[in-house]
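The next block holds one structure in the form of structure tokens; read it before the comments.
The values are calculated or read from the model by the stated rules, or taken from the named source; none is laboratory data. Please read these numbers as outputs of a predicted model, since none were measured by experiment. Here the Cβ positions follow ideal geometry from the backbone for every residue, glycine too, while neighbour counts run over all protein chains shown.
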Amino acid sequence: MAKRSGGPSNTEIDMTPMIDMTFQLITFFMFVMNFSEAEQDDRIQLPSSQLAKPADGVIEKPITLQLTNAGSVIYAGELVAVRDIGAYLEREKTLMIDENREPNSATIIVRADGRAKTGEVQDIIRICQEKGFERFALRAQYDDRR
Amino acid sequence: MARRSSSGLTDKVEINMTPMIDVVFQLMSFFMCTLKVVAPEGDFDIRMPIAAAAAAAPDDQQVPPVRVKLSAGPDGSLASIAMNGTPVADFDELRKRIIGLVGADSGPNSLAEKTEVEFDADYALKYVNVVKAITAVSGKVENGQVVELIRKIKFTPPKKG
């Protein structure tokens, strides 16, 4: 009361530590943010392997096929039956030929759930082979234990 | 200069921090909301052209492929492993057998580089077992270093049933 009556006091807060902290936080989030456009679906539980080390280079224009536990393929965010992926791959192949690229130069990334049937993964590979694709990358989660 | 000399006091320039702090907090909220923690992933590269089986003409340089049979139990779990027809107890033993066959050297022109492993897995076998088998034949981790073994891997055509 005594203070107030004496006129408005000019209390200055030192903002420097807060701004420092905030900028550090922003820097942290920018570093940990994943800017890669790799398709990763939470429905897939990848098997883990100690030798599945992240690739050195970036795979150029890969085609990602994700096989769920239930045996369907997630292609471009869409749920497709394994036997139907041939039509989608045919479309990819046409696009590649239009861009003067050979289908055998493209990499098919197979992100299959660890609980899925191996035969279904082989079915996917066989369908891709029939469409002229021959490079495959079987994706696994990198496990650095042991 | 004129000001300073006339007043004789240093002026305190006050910058309005409010817009900057607003933007900074918005940026921080954006990064916090879009943050998605993902586990690191890696690939096993396989080159499998469709005509490989038919075109594989025998020559002197070619090493016969090692055939690894993975059999599934009724629930899709691994029932047995066999390498070139001989039963193998587990994946560690499979790795030892592969090292025994091709040697520990995996440099250029080595036996490990030339040898190809063909996996013959049952249709219903859970895929996790195949990844374990590929891990066993492709290398090992020794003192934090990866020692590569077989690089050529292929699968037999799927057999439904």
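Worth a mention:
- Residue within segment A:74-86 that is charged (D, E, K, R), surrounded by fewer than 20 Cβ atoms within 10 Å (Cβ to Cβ) and either at positive phi or outside any strand (DSSP E or B) (or both) present: yes
- Every residue from segment B:125-150 that is in contact (Cβ under 8 Å) with a residue 40 or more places away in the chain and touching a Ser or Thr at 6+ places or on another chain (Cβ under 8 Å): B:125, B:126, B:129, B:130, B:131, B:132, B:134, B:135, B:147, B:148, B:149, B:150
- Test: residue in segment B:61-69 that is in contact with a helix residue (DSSP H, G or I) (Cβ under 8 Å, 6 or more places away or on another chain) and at pLDDT 85 or above: yes
- Residue match in segment A:90-98 (condition: more than 9 Å from chain B (Cβ to nearest Cβ), touching a residue at least 60 places away in the same chain (Cβ under 8 Å), surrounded by fewer than 16 Cβ atoms within 10 Å (Cβ to Cβ) and more than 23 Å from residue B:120 (Cβ to Cβ)): no
- Any hit, segment B:40-58, residues being surrounded by 11 or more Cβ atoms within 10 Å (Cβ to Cβ), part of a loop (DSSP other than H, G, I, E, B), more than 10 Å from chain A (Cβ to nearest Cβ) and modelled with pLDDT under 75: yes
- Residue match in segment A:117-133 (condition: outside any helix (DSSP H, G or I), closer than 19 Å to residue A:41 by Cα and either over 22 Å from the mean Cα position of the chain (by Cα) or modelled with pLDDT of 90 or more (or both)): yes
- Residue ID - farthest from residue A:113 (Cα to Cα), chosen from residues in segment B:98-124 that are surrounded by 23 or more Cβ atoms within 10 Å (Cβ to Cβ) and of a type outside the set (Val, Ile, Thr): B:112
- In the set (1) more than 11 Å from every other protein chain (Cβ to nearest Cβ); (2) in contact with a helix residue (DSSP H, G or I) (Cβ under 8 Å, 6 or more places away or on another chain), the condition left unmet by residue A:66 is number (2).
- Here residue A:114 does not fit the description of being more than 10 Å from chain B (Cβ to nearest Cβ) and under 22 Å from residue B:71 (Cβ atoms).
- Selection over segment B:132-148 of residues that are among the hydrophobic types (A, V, I, L, M, F, W, C), at the interface with chain A (Cβ under 9 Å from one of its Cβ atoms) and within 20 Å of residue A:113 (Cβ to Cβ) gives a count of 1.
- Residues satisfying the criterion are present in segment A:105-119 (criterion: surrounded by fewer than 19 Cβ atoms within 10 Å (Cβ to Cβ) and within 21 Å of residue B:130 (Cβ to Cβ)).
- Note on segment B:70-89: residues that are more than 12 Å from every other protein chain (Cβ to nearest Cβ) and touching a strand residue (DSSP E or B) at 6+ places or on another chain (Cβ under 7 Å) amount to 9.
- Residue count for segment A:123-137 satisfying the condition of being in contact with a Pro (Cβ under 9 Å, 6 or more places away or on another chain) and more than 13 Å from residue B:50 (Cβ to Cβ): 2.
- Within segment A:46-58, the presence of at least one residue that is at pLDDT 85 or above, in a loop (DSSP other than H, G, I, E, B) and hydrophobic (A, V, I, L, M, F, W, C) is confirmed.
- Condition broken by residue B:118, with the remaining ones in (1) modelled with pLDDT of 85 or more; (2) touching a Phe, Trp or Tyr at 6+ places or on another chain (Cβ under 9 Å); (3) at the interface with another protein chain (Cβ under 10 Å from one of its Cβ atoms) satisfied: (3)
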